[in-house]
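Input: a single structure, listed below in structure tokens.
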Amino acid sequence: MAQRSHDRGSTGGVPVADEPRRVRNVVLVGHSGAGKTTLVEGLLAASGTITRPGTVGDGTTVCDHDPAAVRQQRSVSLACAPLWHNDVKVNLLDTPGYADFVGELRAGLRAADAALFVVSAVDGMDAATAALWEECAAVDMPRAVAVSRLDHPRADFDEAVALCQRVFGDNVLPLYLPMLGDDGISVVGLMGLITRRVFDYTEGLPAAIRQPDPEHLPAIVEARDELIEGVIAESEDETLMDRYLDDEEIGTDILVEDLEKAVARGHFHPVVPVCAQTGVGLDVLLEVLTAAFPSPPEHTLPAVTGVDGSPRPPLTCDPDGPLVAEVVRTTVDRHVGRISLVRVFSGTLRPEQTIHVSGHGLADRGHPDHDADERVGHVYSPLGATLREVPYCVAGDLCAITKSGSAETGDTVSAKDDPLLVAPWEMPEPLLPVAVVARSRADEDALARNLARLVAGDPTLRLERNPETHQLVLWCMGEAHADVVLDRLRAGGVDLETEPVRVPLRETFGAAATGHGRHVKQSGGHGQYAVCDIEVEPLPRGAGFEFVDRVVGGAVPHTYVPSVEKGVRAQMERGLVAGNPVVDLRVTLVDGKAHSVDSSDAAFQTAGALALRDAAGRGGVALLEPVDEVEVRIPDRYVGAVLGDLSGRRGRVLGTEPDASGVERTVVRAEVPATGLLRYAVELRATTSGTGTFRRSFARYEQLPAHLADEVRAAHTP
């Protein structure tokens, strides 16, 4: 099909939606390898947006323009690809299918009003796709299913549909059935169930529409009856079922209208067989996207508040309303600068407009709260990496703006005179730490610059500069996410390497002990003289530090008692056996000596430190490790494997309970040493086939087992 000409609201040959009802925002979801990016290429070519489709293998697709995506031959970031069909603009949002890039998927769901689940006729689907379906169902997001890769020798459309019905529910029914060619293998057409017509793609697109052959009629009649019953069940017309049961012929127009209403309400989910390589089904899928999926005014908008948290009335998708938009993705191009993909919820975004950019609530991930007024330079319609300038972007549409100095993913864009804040979307916590080290001083500066850019665009990346281990730690979603982050840093000119992540330990005394600190130096002139005796006893975990002065007779002048405490505290910070802070102690100063000339504050600080070290040699030092409370959510069938794995990490299982969501999942609560969780994000995914998730929070410090403590001591022995 050729792309329609759009004169109204066009500039430079780029069509522009001038009202929200002419927009559809559709996010494509599915497991990695299902064919989402290839399907987008086919739809772009079928609509005339591009002259010929690219391929993932050649790295020539519109959506996989990121160098990491080209190299790995899989999507690693959200991409927007708009097309026009039947005078409707469809913003296709291609999302990565790999679990590590769930942040990009979340951004796509936020920007979309409907979801197209792409299910491979060869490989089926993964458990993460099934979980995502339930998530969309909870908010009544309209959904349809495209069964892809029909040209593969092992493709089985019937099995794919049966799988969808088992996982997604009974209201998942095909609108079309694939029609095989003379060889009995290749798919050359589709059989329309509502229209009872055949769409023949033997000559390519557009399909030739004709009457079905006699041998096709039994399959059409059987599937059509099931489809009509499903549509009528979701119809708002209660008389339709009676008319159908009385064998009255229901008009095609009525069926199509009811089908579109049921899909838009999120209650019925059509299945369309497609083959992006041959073009089969692409035109009918475009019809579903434009006719059955809702326009932005039919979709519930997120809540907004004032920047100070004050309540505001609900938004409406009105181009003449107050400007409210959200940055759903941020990238930094070395030539263009910062590029922000924006979903406009209300109002109209125009070039040279002064806007207010607000970002709040992500300070713990390296995104400090910020508010700034900026001027929009140009507004673009993005086609993958290509930016095409447009004169405006109305409510409900997507666009890109460039050179914003402060906009980050998740930020709100609003009017300068009435700044607002959109309620944030749920973002998963990164749980895989990766420690990075720059090779030189120059690389340290480049690393800081590039990290600021990456963190601005990726809310699932958390940056931590650990003050105890002195490591720069990047918290990522998984190994694939970490690989992409490191590749982008290196592509930015940073020479770096990774090192093992060190878990900050603590030290404490194993038993009560006494210590003697003597710091005496006489070398002519003003010397140094300080002697102190202390008693040390361990306190319960979390009790902190206590210093008690029990000196009698002025053996240690009152002026120097704080000096002893200062020296003890300084030594506690430096550690006693492995360079870790010392905690949970009571130190009592019981005696000492001073010199009228040579004693000083510095001398008694040194004596206090020496006394604590002397006591450590007598009382013994125990090493403490952090223990985290862990909450693991897994399908019931993996409970045994996860419990065994937690035990192997020295974890203590506190209990299990059914997940409150009602899905067949179990919540496992346990306490696990932090050292056992360094790679748990990766290993839990492997154990549960990508379906397990977990959260962690610090619980307390506990004594490190003796054999592990000996290893730590040995590593710190000069």
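The values are calculated or read from the model by the stated rules, or taken from the named source; none is laboratory data. Not measured: the values here are computed from a predicted model. Please note: Cβ atoms are built from the backbone with ideal geometry, for glycine as well, and neighbour counts cover all protein chains shown. Ligands, DNA and RNA are excluded from the accessible area calculation, which covers all protein heavy atoms including side chains. Shrake-Rupley method; radii C 1.70, N 1.55, O 1.52, S 1.80 Å.
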Quiz prompt | Vicinal HN-Hα couplings computed from phi for region 493-501 (Karplus, 6.51 cos²θ - 1.76 cosθ + 1.60; Hz; Gly/Pro x) | solution = x, 9, 8, 9, 9, 9, 9, x, 6
Practice problem: Using label points projected 7 Å from each Cα along Cα→Cβ, tell me how many nm separate Glu257 and Leu539, to one decimal. | Solution: 7.7 nm
Practice problem: State the number of lysine pairs found in the chain whose Cα atoms come within less than 27 Å, restricting to pairs 8 or more positions apart or on distinct chains. | Solution: 8
Exercise. Could you calculate the FRET efficiency of Glu389 with His267 from 1/(1 + (r/R0)^6), where r is the beta carbon distance between them and R0 is 56 Å, rounded to 0.05?
Key: 0.90
Quiz item: Quick one: if the Förster radius is 56 Å, what FRET efficiency do Ala512 and Asp320 give, using the C-beta to C-beta distance and rounding to 0.05?
Solution: 0.15
Quiz item: Which whole-Hz couplings ³J(HN,Hα) result when phi for each residue of region 505-518 is put into the Karplus expression 6.51 cos²θ - 1.76 cosθ + 1.60, θ = phi - 60°, listed in order with x for Gly and Pro?
Solution: 9, 10, 10, 8, 7, x, 7, 5, 7, 10, x, 10, x, 10
Exercise. Round to a whole angstrom and tell me the spacing of the C-alpha centers of region 137-215 and region 345-375.
Key: 44 Å
Quiz item: Quick one: length gained pulling Gln73 to Asp371 fully straight, 0.36 nm per residue minus the C-alpha distance?
Solution: 103.5 nm
Exercise. Measure nothing but the geometry: give the 0 to 90° angle between the long axis through the Cα atoms of 706-715 and the longest principal axis through the Cα atoms of the chain, rounded to 10°.
Key: 80 degrees
Quiz item: Stretched out fully, how many nm does the piece from Glu19 to Leu217 gain, at 0.36 nm a residue minus the Cα gap?
Solution: 67.0 nm
Quiz prompt | Probe 1.4 Å - accessible area at Lys521, Å² to nearest ten | solution = 110 Å²
Quiz item: According to the Cα gyration tensor, what semi-axes, each the square root of 5 times an eigenvalue, does the equivalent ellipsoid of the chain have, listed from largest to smallest in whole Å?
Solution: 63, 29, 22
Practice problem: Please report how far the C-alpha centroid of region 264-308 lies from that of region 596-623, rounded to the nearest whole angstrom. | Solution: 72 Å
Quiz item: Residue farthest toward the positive end of the dipole of region 288-343, with Cβ of Lys/Arg at +1 and Asp/Glu at -1: which of Phe293, Thr330, Thr305?
Solution: Thr330
Practice problem: Would you compute, from DSSP H runs of 4+ residues alone, the mean residue ellipticity of the chain at 222 nm, taking -39500 (n - 2.57) per run and dividing by the full residue count, rounded to the nearest 500? | Solution: -8000 deg cm²/dmol
Quiz item: Could you sort Ser186, Ser689 by accessible area so the largest value comes first, with the probe set to 1.4 Å?
Solution: Ser689, Ser186
Quiz item: Mind checking the dipole of the chain: about its Cα centre, +1 per Lys or Arg Cβ, -1 per Asp or Glu Cβ, Debye to the nearest 20?
Solution: 3480 debye
Self-check item: Debye, to nearest 20: dipole size of region 159-214, +1 on Lys, Arg Cβ, -1 on Asp, Glu Cβ
Solution: 260 debye
Exercise. On a C-alpha basis, how far is the centre of region 70-116 from the centre of region 392-458 in Å? Whole number, if you could?
Key: 18 Å
Self-check item: Pairwise label distance in nanometres, Glu287 with Asn86, each label 7 Å out on the Cα-Cβ vector
Solution: 0.8 nm
Quiz item: ³J(HN,Hα) across region 639-648 via Karplus (A = 6.51, B = -1.76, C = 1.60, θ = phi - 60°), whole Hz, x for Gly/Pro?
Solution: 4, x, 5, 6, 4, x, 5, 5, 4, x
Practice problem: Please get the size of the charge dipole for region 412-482, origin at its Cα centre, with Cβ charges of +1 on Lys and Arg and -1 on Asp and Glu, quoted in debye to the nearest 20. | Solution: 280 debye
Self-check item: Nonlocal amide H pairs with Glu507, under 5 Å, H built at 1.01 Å
Solution: Val582, Val583, Leu624
Practice problem: Quick one: accessible surface of Trp84, probe radius 1.4 Å, all protein chains present, in square angstrom to the nearest 10. | Solution: 10 Å²
Practice problem: Calculate, for the chain, the solvent-accessible area per residue in square angstrom, rolling a 1.4 angstrom probe over the heavy atoms of the protein chains. | Solution: 43 Å²
Quiz item: What does a probe at Asp417 reach in region 371-410, counting residues whose amide N is under 18 Å from the point 7 Å along Cα→Cβ?
Solution: 373-376
Quiz prompt | Using a Förster distance of 22 Å, the FRET efficiency for Asp487-Arg439 (Cβ separation, nearest 0.05) | solution = 0.85
Quiz item: Can you list residues whose amide H is under 5 Å from Ala415's amide H, if they're 5+ apart or on another chain and H is modeled 1.01 Å from N?
Solution: Leu323, His356, Leu420
Quiz item: Going by accessible area, probe 1.4 Å, with all protein chains left in place, what is the ranking of Leu180, Leu432, largest first?
Solution: Leu180, Leu432
Quiz prompt | Nearest-ten-degree value, helix 127-138 long axis tilted from longest Cα axis of the chain | solution = 80 degrees
Quiz item: Under the Cβ-under-4.7 Å rule, which cysteines of the chain stay unpaired?
Solution: Cys63, Cys80, Cys136, Cys164, Cys275, Cys317, Cys476, Cys532
Practice problem: Report, by chain and number, residues whose modeled amide H sits under 5 Å from the one on Gly337, excluding near sequence neighbours (fewer than 5 apart, same chain). | Solution: none
Self-check item: Area of Leu301 that stays accessible when all protein chains are in place (1.4 Å probe, Å², to 10)
Solution: 30 Å²
Quiz item: Which of the listed residues, Gly42, Ala715, Pro82, is farthest toward the dipole's positive end in the chain, when Lys, Arg count +1 and Asp, Glu count -1 at the beta-carbon?
Solution: Ala715
Exercise. Return one number: the angle in degrees, 0 to 90 and rounded to the nearest 10, between the long axis of the Cα atoms of helix 217-233 and the longest principal axis of the Cα atoms of the chain.
Key: 60 degrees
Quiz item: Using a probe of 1.4 angstrom, how much of the accessible area of the chain is carbon and sulfur, in percent?
Solution: 50 percent
